[in-house]
Amino acid sequence: MKTVWVLFRKEMLEITRNYKMIWMPIVFILFGLTEPLTAFYLPDIINSVGDLPEGTVISIPTPSSEEVLLSTISQFSTFGVLIIVLGFMGVIAGERKSGNAVMVLVKPVSYSAYIYSKWMAAFVLVWVSYGLGMISSWYYIHVLFNGIDFTAFIQGFLVYGLWLTFILTLVIFFSSLVKTSGLAGFFTIGIAVLLTFVSGYMTKTLKWSPGQLSNYVNEIVLYSTWPDHLTGTIIFTAILCLVILLIAPPLYKKKDLI
């Protein structure tokens, strides 16, 4: 455990030095700000563009606070996931390719400590960035709209954060299996898209799929209810993340020995 802590501190220092600790939170904050501001000022933006026929009246219904928050989460589902994948797909694969991983692992450092320290550092950064983005969105929703139920916001925040944690776990896992960062990103995005697509069509069969988390967040935010199968989905997703993390070190070691 002491080795993991030392490596974790090293990873956090590395994240700070390569400016991930700065640009990733900024990107998530911008995503969080964009939806409330755009939704509120969209009529003014359209009118300011000009070139409309005289007498044209544009009537855009004001979205509800819940719809604006879900639009923000939708941004995280696309660009947020992409940022996480791009930010961490080379965290192990890149070091393997450059030879830095060998320099660390020749010391009394286990494969488990090496991988888990990287996952922990990435986990902290992702949750800090995601949290700041959601808080930014929540603040402007309260300023510009009618506000949103705090309990529903916290529940949606935690549930969707689990989906991002699952994505992070996948990208760390694939980064440990391949030496090409692009492949790690490709496999992660491919599985995320496949899970989301299949889960959307097979809602009853795959009711505990991690891909259902986004759908359950919609129900939480819109109706302030806890979906029937959400607890089972949370447990299954958490166990799946744990299993992936447990099998990653032996598979990584096996790849190194081949």
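For the pair residue 62 and residue 82, a Förster radius of 30 Å applied to the C-beta separation gives a FRET efficiency near 0.50, rounded to the nearest 0.05.
Axis of helix 65-75 versus longest Cα principal axis of the chain: the two differ by about 40°, to the nearest ten degrees. In a reduced charge model with +1 at each Lys and Arg Cβ and -1 at each Asp and Glu Cβ, the stretch 117-258 shows a dipole moment near 600 debye about its Cα centre. Here Rg and Dmax of the Cα atoms in Å was computed from the coordinates, and among [x] 20.3, 71; [y] 20.5, 63; [z] 20.8, 76 the match is [z].
By the count of neighbouring beta-carbon atoms within 10 Å, fewest first, 254, 10, 20 end up ordered 254, 10, 20.
Put a plus charge on the Cβ of each Lys and Arg, a minus charge on the Cβ of each Asp and Glu, and nothing anywhere else: the dipole of the chain about its Cα centre is then about 1800 debye. Modelled this way, with points 7 Å down the Cα-to-C-beta line, the labels at residue 23 and residue 98 are 1.4 nm from one another. Name the residue farthest towards the positive end of the dipole of the chain from the options 176, 63, 99, assuming +1 on Cβ of Lys and Arg, -1 on Cβ of Asp and Glu, about the Cα centre. Toward the positive end, the furthest listed residue is 99. Relative to the longest principal axis of the Cα atoms of the chain, the long axis of helix 230-257 lies at roughly 40 degrees. Kindly express, to the nearest 10 degrees and within the range 0 to 90, the angle between helix 111-144's C-alpha long axis and the longest C-alpha principal axis of the chain. Roughly 10 degrees, rounded to the nearest 10.
Every number in this text was worked out from the coordinates using simple rules, so none of it is lab data. As the structure is a computational prediction, the values presented were derived from the model and not from experiment. As a convention, Cβ positions derive from the backbone with ideal geometry for all residues, glycine included, and neighbour counts pool all protein chains shown.
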